[in-house]
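Comments concern the structure below.
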Amino acid sequence: MKICVIGTGYVGLVSGVCFSELGNEVVCVDKITSKVQLLNKGEIPIYEPGLKHLLAKNKERGNLRFTTDLPDAVRSSDIIIIAVGTPSQPSGQANLSYIEQAAKEIGQSLNGFKIIVTKSTVPVGTNEKIQAIIEANSRYVFEVASVPEFLREGTAVQDTLQPDRIIIGTTGEKAKKMLVELHSPLTDKIMVTDIRSAEMIKYASNAFLATKISFINEIANICEKVGADVTQVASGMGYDKRIGSSFLKAGIGYGGSCFPKDTQALIQIAGQMDYNFKLLKSVVEVNRDQRFNIIHKLEAVMNLSGKTIAVWGLAFKPETDDIRESPAIEIIQDLLNKNARVKVYDPIAAENFKQTFSLDVEYSNSAIECAQDADALCILTEWKEFQDISPKTIHSCLRYPVLIDGRNLYSEVEISETDLIYYSVGRPNMNKGQREQKPLLSF
Ligand code: UGA
């Protein structure tokens, strides 16, 4: 099939590349000339495992090209996929201006029957607005569909090529037939529904996953008080098929470009209908507080002023260079506000962090260099590279043996072989005796 994808952000780029991998003829459009030039050279503007290889392969095969010429791309395609950003406004509401602009330009470019698919995450009712905008700008017949995307950063290619399900929201008969055919090579779990339900499925799914994370983080906080181990609790809960074991990893709260934005947007969507989404509001509040437990744990053992604190991990999760809404941002800001000297290291996201924030931090070239002579180390992202460094090595680097592990990277056995003062999330004190003998509050 001939497909045009508008927007080469995470969703657009990965979808475009994966549809070309299936043998479709794909043209991806972006307004940013430098980005299009980069993509046409076979380079990618994001770090996403496996993506560059597939892009190069399909460019070579002639299945994939990139352009700034939206009208031409629309005219030469049968299916037009809108994958532009829907960033949050200060109110939390999704900003639909990029979507509206894309719809207008699509309408002005139509030259015959097309199927217009929205993959961007949009509030309920948006596809109807898109339809109205295109109708106002075109005399041609077209059908719209909402096909929300469920890929995760870091595993985006795999998620797209082997999805758990495909949701197609449309009332158009041709759209239904063509979109089922397009997605059939990926899975047989294809659900066709109405447009509004499809739009809602995306928000409800992200809100539910965010709820799972905030729930387990609250359980972790209680575990710390009662001496239980949240990793054991999550495993025990996960055996129940109704609960499942995924998204029950306690930590420093969720970040990224999706959960924070989509939870706020759903609260706004509900609010506009005079519905107070109390549960989701609490999920957001719990998530905001969770990151600061890192600071509380540090402050329980030292006065932060004048101390050197090493931070491992800036990305909101491993295998991505994305730092959007990463809990690391506020944690580092708080450390600086408390007059700590902050050294940071991230295998991939450091450059992005440096470009985005002008924070007075020192960038290290390796995890070990970062930890060297620090008064404490905080682990904020669970990069594999960090897991491969033993607590013994960490202990030997630090000036003062304090390790705050925001991602529960180490086992009790590994920690008990060291004299580290170790705090993790929702797990019992692993070197209690030592801490009781040497209270550090005077440090
Ligand atoms: C999320 C969803 O998982 C995707 O299905 C969805 O398509 C995407 O948002 C989107 O709407 O575009 P993503 O933001 O890439 O994907 O990342 P996740 O893997 O879901 O992780 C989100 C955050 O939750 C991370 O900060 C991660 O550290 C945290 N998390 C995740 C936990 O703290 N505990 C867990 O058990 C799982």
Here the residues within region 146-175 that are more than 22 Å from D322 (Cα to Cα), polar (S, T, N, Q), surrounded by 20 or more Cβ atoms within 10 Å (Cβ to Cβ) and within 16 Å of the ligand (Cβ to nearest atom) are S146
Note on region 350-384: residues touching a Gly at 6+ places or on another chain (Cβ under 8 Å), of a type outside the set (D, E, K, R) and assigned to a loop (DSSP other than H, G, I, E, B) are L380, T381, W383
Those residues of region 388-417 that are among the polar types (S, T, N, Q) and not in a loop (DSSP other than H, G, I, E, B) come to a total of 3
In region 1-18, anything surrounded by 19 or more Cβ atoms within 10 Å (Cβ to Cβ), within 19 Å of the chain's Cα centre (by Cα) and not in a helix (DSSP H, G or I) is listed as G7, T8
Among the residues of region 19-39, the number that are assigned to a helix (DSSP H, G or I), surrounded by 14 or more Cβ atoms within 10 Å (Cβ to Cβ) and out of contact with any helix residue (DSSP H, G or I) (no Cβ under 6 Å at 6 or more places or on another chain) is 5
Within region 242-263, restricting to residues that are part of a loop (DSSP other than H, G, I, E, B) and among the hydroxyl-bearing types (S, T, Y), the one that is farthest from the ligand (Cβ to nearest atom) is S245
Scanning region 180-192 for residues that are free of Cβ contacts under 8 Å to residues at least 24 places away in the same chain and either of a type in the set (S, T, N, Q) or assigned to a loop (DSSP other than H, G, I, E, B) (or both) gives S184, D188
Among residues of region 46-72 being among the hydrophobic types (A, V, I, L, M, F, W, C) and in contact with a helix residue (DSSP H, G or I) (Cβ under 8 Å, 6 or more places away or on another chain), the residue nearest to K31 (Cα to Cα) is L70
Those residues of region 269-290 which are over 29 Å from R427 (Cα atoms) and within 16 Å of the ligand (Cβ to nearest atom) amount to I269
All-but-one check, M178 against (1) at negative phi; (2) within 15 Å of the ligand (Cβ to nearest atom), failing number (2)
Check your understanding: Would it be correct to say that R139 is charged (D, E, K, R) and within 16 Å of the ligand (Cβ to nearest atom)?
Key -> no
Counting only residues that are among the β-branched types (V, I, T), part of a helix (DSSP H, G or I) and either without any contact (Cβ under 8 Å) to a residue 24 or more places away in the chain or farther than 16 Å from F259 by Cβ (or both), region 193-212 contains a total of 1
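Yes/no matrix, rows are residues, columns are (1) modelled with pLDDT of 95 or more; (2) of a type outside the set (K, R):
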| site | (1), (2) |
| --- | --- |
| N111 | yes, yes |
| V117 | yes, yes |
| S120 | no, yes |
| V124 | no, yes |
| K129 | yes, no |
| I133 | yes, yes |
| N137 | yes, yes |
| D159 | yes, yes |
| I168 | yes, yes |
Flagged in region 382-408 as free of Cβ contacts under 8 Å to residues at least 60 places away in the same chain, under 23 Å from the mean Cα position of the chain (by Cα) and surrounded by fewer than 18 Cβ atoms within 10 Å (Cβ to Cβ), in numbering order, are E385, Q387
Requested in this report: Could you please let me know if E153 is closer than 27 Å to K52 by Cα, part of a loop (DSSP other than H, G, I, E, B) and acidic (D, E)?
Outcome: yes
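The values are calculated or read from the model by the stated rules, or taken from the named source; none is laboratory data. It should be emphasised that the depicted structure is a prediction, and the values quoted were computed from it without experimental measurement. Note: ideal-geometry Cβ built from the backbone for every residue, glycine included; neighbour counts use all protein chains shown.
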